[in-house]
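A short worksheet on the structure shown next.
The values are calculated or read from the model by the stated rules, or taken from the named source; none is laboratory data. The shown structure was predicted, so the numbers you read here are calculated from the model rather than taken from an experiment. Note that each Cβ is placed from the backbone with ideal geometry, even for glycine, and that neighbours are counted across all protein chains shown. What goes into the accessible areas is simple: the full protein's heavy atoms, side chains included, and nothing from ligands, DNA or RNA. Shrake-Rupley method; radii C 1.70, N 1.55, O 1.52, S 1.80 Å.
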Amino acid sequence: MAGTCAGYLVQADREPTKLPSLSQPKLTQAKGEAPEPLSAARDRRVRTDGDLRKLLLKKPRGAKAADWLTGDDGWMDIAAYAETFNEPVGAFGELVSHEFRRAAVVGWEDDDSAVEIRLLQYRQEESGGAAERTVGGKYWADLEDGDSWVVPGTEDGMAYAYQDAESEPGYLPVYTAEALAWRGDIAMEIFVSGNRPISKKTIMSLAQRQMERL
């Protein structure tokens, strides 16, 4: 206690300590030209932050626009996307935790097949939602009986064509194929169905062309 009192007394007899100046020395600007900003063609974020629907493949000439798509004018909100799962309530909660941002969708059909393509964008502030969505989709796809191929130019994208047709009484058998991949904050899903087995060429061509647009 005596030491503490002595310290206070000494400090009381001293002149106040002068605080440092708040002003900082003037910084000299670096010389030389600044690097040029990336063009829109090279800056992926410029493309993906715009109208996501413009990155979707276009409906082929002669094909009919799908009237069975879930969404509004090419957009699919989180509730609509959750409804595409077997357990929508659980899927909705998972999408929220994975920071789902928005989705764009396009689809078409012709005499032989129907195609649906989705681009799913995630905020990715605390998790890698796009990669996680692709990993989850591949887990279920790998459980099915079919052929699979790596999608060139992707981290771990895969395309699948299933051997067994889905059949219901009164309907023709339906064969399916799908492709799953991701790039940056966007996951891609492609689904193809038809009355005949879907070829590797068909699903791989769609997957490669769509990934090139990202």
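Just checking, how many residues over region 144-192 are open to solvent by 40 Å² or more (accessible area, probe 1.4 Å), within 18 Å of W68 (Cβ to Cβ) and either among the acidic types (D, E) or not in a loop (DSSP other than H, G, I, E, B) (or both)?
5
When the residues of region 110-122 are filtered to those that are in contact with a strand residue (DSSP E or B) (Cβ under 9 Å, 6 or more places away or on another chain) and modelled with pLDDT under 95, which remaining residue is farthest from A80 (Cα to Cα)? Before you say what the answer is, go through the steps one by one.
Taking region 110-122 first, the residues in contact with a strand residue (DSSP E or B) (Cβ under 9 Å, 6 or more places away or on another chain) are 110, 112-122.
With modelled with pLDDT under 95 added as a condition, the list becomes 110, 112-113.
Numbers: D110: 25, D112: 27, S113: 23 Å.
Result: D112.
Any chance you could count how many residues in region 111-134 are touching a residue at least 12 places away in the same chain (Cβ under 8 Å) and over 21 Å from T70 (Cα atoms)? Full working, then the answer.
Within region 111-134, the first condition is being touching a residue at least 12 places away in the same chain (Cβ under 8 Å), and the residues that meet it are 112-127, 129-134.
Filter once more, keeping what is over 21 Å from T70 (Cα atoms): 112, 123-127, 129, 131-132.
Summing the residues that are touching a residue at least 12 places away in the same chain (Cβ under 8 Å) and over 21 Å from T70 (Cα atoms) in region 111-134 gives 9.
With respect to W75, determine if the residue is more than 26 Å from E132 (Cβ to Cβ), in contact with a Lys or Arg (Cβ under 8 Å, 6 or more places away or on another chain), at pLDDT 95 or above and of a type outside the set (A, V, I, L, M). So that I can check it myself, show each step before the final result.
Values: more than 26 Å from E132 (Cβ to Cβ): no; in contact with a Lys or Arg (Cβ under 8 Å, 6 or more places away or on another chain): yes; at pLDDT 95 or above: yes; of a type outside the set (A, V, I, L, M): yes.
No: the conditions fail for W75.
I need the full set of residues from region 88-105 which are free of Cβ contacts under 8 Å to residues at least 24 places away in the same chain and either touching a strand residue (DSSP E or B) at 6+ places or on another chain (Cβ under 8 Å) or in a strand (DSSP E or B) (or both), in order please.
none
In the list T134, T70, which residue meets the criterion of being open to solvent by less than 50 Å² (accessible area, probe 1.4 Å), closer than 24 Å to D51 by Cα and touching a strand residue (DSSP E or B) at 6+ places or on another chain (Cβ under 7 Å)?
On the way: T70 fails: open to solvent by less than 50 Å² (accessible area, probe 1.4 Å).
Answer to the selection: T134.
On the basis of being buried (at least 20 other Cβ atoms within 10 Å of the Cβ) and not charged (D, E, K, R), does G129 make the cut? Spell out how you get there, then give the answer.
Numbers: buried (at least 20 other Cβ atoms within 10 Å of the Cβ): yes; not charged (D, E, K, R): yes.
Answer is yes for this residue.
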